Amino acid sequence: MEIKSLLDLSSHRSAPQLSERQTIKLLEELETNIQKADWMTIGIMAASDYEAIEALKSISRKYISIKFRDLDSLHADGSVFLKGNQKTGNVFIRSENCLGEGILLTCQHDKESVESFTYGPFPLDFFTY
């Protein structure tokens, strides 16, 4: 299945390889949704805590309003799931086997009547473009 829009990613367990053209198109589509959101939660599935933390840092470098604290204190062995909450700045990480690999980004809203939506999985280097 060719990835043409954000919705095409939702059928993947792990992030697919994307061409530069696909990445640029998906980033443009995603940024429209990010601008409409009040805040984000970010889930990262990775082979190590280092990879997950680096992926999270790449998001903070791309979007200066998305910041997290205490990243240096995070540690988990083996494959991991990391979850960051933009609203609180909190980040948690745990060891977890049998996950795919990639970044899941959920656009959250302060009004409960507005539904949140999760996009991804994106490749771990997606936000370095």
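List of remarks:
- For Ser79, the conditions (1) over 15 Å from the mean Cα position of the chain (by Cα); (2) at pLDDT below 95 are fulfilled apart from (2).
- Every condition in (1) crowded, with 19+ Cβ neighbours inside 10 Å; (2) of a type in the set (A, V, I, L, M, F, W, C); (3) touching a Gly at 6+ places or on another chain (Cβ under 9 Å); (4) farther than 30 Å from Lys25 by Cβ holds for Ile93 except the one numbered (3).
- Test: residue in the range 31-51 that is of a type in the set (A, V, I, L, M), free of Cβ contacts under 8 Å to residues at least 24 places away in the same chain and closer than 25 Å to Ser5 by Cα: no
- Counting the residues of the range 32-87 that are of a type outside the set (Gly, Ala, Ser), touching a Ser or Thr at 6+ places or on another chain (Cβ under 7 Å) and over 21 Å from Thr118 (Cα atoms) gives 1.
- Reported count of residues in the range 66-78, each being touching a residue at least 12 places away in the same chain (Cβ under 8 Å), surrounded by fewer than 19 Cβ atoms within 10 Å (Cβ to Cβ) and either among the hydroxyl-bearing types (Ser, Thr, Tyr) or closer than 16 Å to Trp39 by Cα (or both), is 2.
- Ile42 meets all of the listed conditions (1) in contact with a Gly (Cβ under 7 Å, 6 or more places away or on another chain); (2) surrounded by fewer than 17 Cβ atoms within 10 Å (Cβ to Cβ); (3) not small (Gly, Ala, Ser) but one, namely (2).
The values are calculated or read from the model by the stated rules, or taken from the named source; none is laboratory data. Everything quoted here is computed from the prediction, not taken from an experiment. Don't worry about glycine lacking a Cβ; one is built from the backbone with ideal geometry, like all the others, and counts go over all protein chains shown.
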